[in-house]
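Here the structure comes first, spelled out in structure tokens, and everything after it is commentary.
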Amino acid sequence: MAISYVKKDAIRLEMKQGFGQAELLAGSYQGGVRAYRCRLDAGCQVSPEMVENTLQVFCLTDGKGAIITPERAYCIDEVSFYVADPDSHFTFHAATDMTYTMFVVEQKPADLERFHAFHMKLPFFKGLSQCTEYCQDCKSASSRSFSVIPTKRLCRVLMGVGEASAENSTQPEGCFEKGHPAVAQWNVPFGDTEMLLTVDGETVEQESGDFSYVPAGLDHSLQCKPGRNIHYIWFEHYVQERDYLVSYPRS
């Protein structure tokens, strides 16, 4: 199958002291990105381990709480995003049950060279309502797109959010994209999403809490089911370690 995905109900979290974590689609990508689904019960806290020569990116999709760093506190009261400072530490505090997806990105020598030359200020925190909206020609009339991590700001990582609604439309609504050979893509649906994910002609249904991976170069679409909505985070990683900021012809 062209589609690698896991349904929410198949993600097994072994909870210990109010915290659980499970790797998602282990082994599906060999380029240095691993993804994890995490849950933190209300009233509990956890300090994720900082792994040397990695970037840790968090997509906070359910629940309310706070992130505490040595310098300040960040309030989680909507869908939010956090990139940890590799040279510091932090703690998640859950006011309600919280669910988030963590991406751990290995920094190869070329990545570290670029990171030391230029990168966005870390730690980075932003709520969805603070993200910059943009337009893209592969998306339907009802679609809205938001940039979280723009290209060139965090080495080979970029991230954003896509939304669309088919509640009042008779036309297909969503994102219909030709394969992008430069980047691999992961999708994190949230909210009231009822989505048809198609990769290289194969289609599966996805909803909030599911997770999927799209290899670089394959045509794909993320479409609302008839009369429904979609909200999803896309996380992308340039597959080449060097000379990756070039234009490739699309299929």
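Of note:
- The conditions of being within 25 Å of E71 (Cα to Cα) and in contact with a His (Cβ under 7 Å, 6 or more places away or on another chain) are not met by L122.
- One residue stands out in region 65-84 among those that are crowded, with 17+ Cβ neighbours inside 10 Å and assigned to a loop (DSSP other than H, G, I, E, B): the one that is nearest to the chain's Cα centre (by Cα), namely V79.
- Here region 97-142 is the region considered, the condition is being more than 20 Å from the chain's Cα centre (by Cα) and among the polar types (S, T, N, Q), and the residue that is farthest from Q30 (Cα to Cα) is S142.
- Checked against the criterion of being in contact (Cβ under 8 Å) with a residue 60 or more places away in the chain and either touching a helix residue (DSSP H, G or I) at 6+ places or on another chain (Cβ under 6 Å) or among the small types (G, A, S) (or both), the candidates A110, A117, A66 yield just one match: A110.
- Of the residues making up region 201-218, just one is within 17 Å of A26 (Cβ to Cβ) and of a type in the set (G, A, S), namely S212.
- Test: residue in region 149-164 that is outside any loop (DSSP other than H, G, I, E, B), of a type in the set (V, I, T) and farther than 22 Å from T61 by Cα: yes
Matching residues to (1) outside any strand (DSSP E or B); (2) in contact with a Phe, Trp or Tyr (Cβ under 9 Å, 6 or more places away or on another chain):
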{"position": "Y5", "(1), (2)": "no, yes"}
{"position": "E14", "(1), (2)": "yes, no"}
{"position": "G20", "(1), (2)": "no, no"}
{"position": "E23", "(1), (2)": "no, yes"}
{"position": "Y29", "(1), (2)": "yes, yes"}
{"position": "R34", "(1), (2)": "no, yes"}
{"position": "R37", "(1), (2)": "no, yes"}
{"position": "P48", "(1), (2)": "yes, yes"}
{"position": "V51", "(1), (2)": "yes, no"}
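- Within region 147-174, being within 16 Å of the chain's Cα centre (by Cα) and buried (at least 19 other Cβ atoms within 10 Å of the Cβ) holds for V148, I149, L154, C155, R156, V157, L158, M159, G160, V161, G162, E163.
- When region 121-138 is filtered for residues that are surrounded by 13 or more Cβ atoms within 10 Å (Cβ to Cβ) and either within 30 Å of C75 (Cβ to Cβ) or free of Cβ contacts under 8 Å to residues at least 24 places away in the same chain (or both), the ones remaining, listed by number, are L122, P123, F124, F125, K126, G127, L128, C131.
- Subset of region 206-237 (residues that are among the hydrophobic types (A, V, I, L, M, F, W, C) and more than 17 Å from the chain's Cα centre (by Cα)): L218, C224
- Matching option when the condition is surrounded by fewer than 15 Cβ atoms within 10 Å (Cβ to Cβ), among the basic types (K, R), over 24 Å from F124 (Cα atoms) and under 19 Å from the mean Cα position of the chain (by Cα), among K16, K8: K8
Readers should treat all values here as calculations from the given coordinates under stated rules, not as data from a laboratory. For clarity, every value in this text was computed on a predicted model and none was experimentally measured. No Cβ is skipped: glycine too gets one built from the backbone with ideal geometry, and neighbour counts run over all protein chains shown.
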